[in-house]
Amino acid sequence: MNKSLKIHFQILNKFSELRGKEFTKFVGVFTNATPDKYVSATHHLLSRQRGVYVPASYDLAYSIKIDSTSENYYNKVSYSENGFIIKYFLPNDIADGQKERDRNALYKNYIDEIPIGIVLKEAAGYRILGLGEITSFFNEYIIVEPFLSNIGSGDILKEEKEVEKYRITEAKYLTKVRLMQSIFRKEVLNHFGKKCLICDIDQEELLVASHIKPWRKSSDKERLDKYNGLPLCNNHDALFDRGLISFNENNELLTSSRLTEDQVVAVNITPGKKFSFDSVTESYLKYHLKNLFIK
Ligand SMILES: [Zn+2]
């Protein structure tokens, strides 16, 4: 087993075993902890400063620290002795590379279904809430719910098997893709309204949340970004997707020279019609104009 994955698994096991325990000390428990019966090396469970802990040169998050007074990330938690639901606001300042890294790591935890350690900051110290799983991933926040499966003892062979369980299968991946697409659709339709941007048809079953920068070219973050979407009917989605229509830098509708005048009329397009878009959407449209539009 890959060494960092092995330590990671031991850390998860420690979070699970210590569920409900309170600590007053930070150093020695959560950071610079010496090897113990759970983890075979000196380790960190949390980041001292940041809400999310992603170890250096690693792409998964080990833990999140819930602290309603956190300066880094604000978050909301409702929890009882029996469980918790956390609405954790995501670090989304892309000018801050570390926050972007944290966000990407959390996204990978979500997609690969790797649980995450949860520690609640209380007035007197820290309480380990155990393991959580990210059950929803939105642009602005994630939902974290208890991960209740028993992840087993420190036995290596058992660990190998357990890690196998976390490895993503193609079927699981496809489920995630569908989930992401349905989240994207909901967000795009809520943002723009439930009608085709071009012809105003408001029959929801005919509407598609069309990616401006295509799915296959997008990062996972862009795939979920509502500003990277337009609500279009099936016809207009097909035209946009194939680069037969686009928008120029003044947000005016363009048609490809491949379409005849009669066809333009038949598909209910008014070339030159002006739209107004959010600036983030405009930058995605620039990409479409440059890379997809057939002049
Ligand atoms: Zn339409």
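Would you kindly state how much longer the chain becomes between A56 and K87 on full extension, computed as 0.36 nm times their sequence separation minus their alpha carbon distance, in nm to one decimal? All intermediate terms of the calculation are to be shown ahead of the outcome.
Working: separation 31, 0.36 × 31 = 11.16 nm, distance 2.54 nm.
Computed gain between A56 and K87 is 8.6 nm.
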K295-K217 pseudo-label distance in nm [points 7 Å out on the Cα-to-Cβ vector] = 1.6
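For F23 and S276, calculate 0.36 nm times their separation in residues minus their Cα-Cα distance, and state this gained length in nm to one decimal. Please report the intermediate quantities before stating the final value.
Values: separation 253, 0.36 × 253 = 91.08 nm, distance 5.35 nm.
The F23-S276 span can extend by a further 85.7 nm.
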May I ask for log10 I(q)/I(0) of region 178-292 at q = 0.10, 0.13, 0.15 Å⁻¹, from a Debye sum over the Cα atoms as equal point scatterers with solvent left out?
-> -0.26, -0.45, -0.60
For N268 and E249 in the same chain, what is the full-extension length gain: residue separation times 0.36 nm, less their Cα-Cα distance, in nm?
-> 4.7 nm
FRET efficiency, T42 to Q98 (Cβ-Cβ, R0 30 Å, nearest 0.05) | 0.85
Compute the label zone of D200 within region 221-258: residues whose backbone N is under 20 Å from the point 7 Å along Cα-to-Cβ.
-> 230-237, 252-254
Mind listing the phi-derived Karplus ³J(HN,Hα) values for region 26-41, rounded to whole Hz, using 6.51, -1.76 and 1.60 with θ = phi - 60°, and x for any glycine or proline?
-> 9, 6, x, 10, 9, 10, 6, 7, 6, x, 9, 6, 9, 10, 7, 9
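Could you put K121, K295 in order, starting from the residue whose Cβ has the fewest other Cβ atoms within 10 Å?
Working: K121 17, K295 10.
The most exposed by this proxy come first: K295, K121.
Which links in K37/K65; K65/K221; K25/K65; K195/K295; K217/K286 stretch past 21 Å when you go from one Cα to the other? Before the final figure, lay out each step's value.
On the way: K37/K65 23 Å; K65/K221 23 Å; K25/K65 14 Å; K195/K295 27 Å; K217/K286 14 Å.
Those over the limit are K37/K65; K65/K221; K195/K295.
None of the figures in this text is laboratory data; all of them are computed from the coordinates on show. Just so it is clear, the structure is predicted and the values come from calculations on it, not from any experiment. Positions of Cβ are generated from backbone atoms using ideal geometry, with glycine treated the same way; all protein chains shown enter the neighbour counts.
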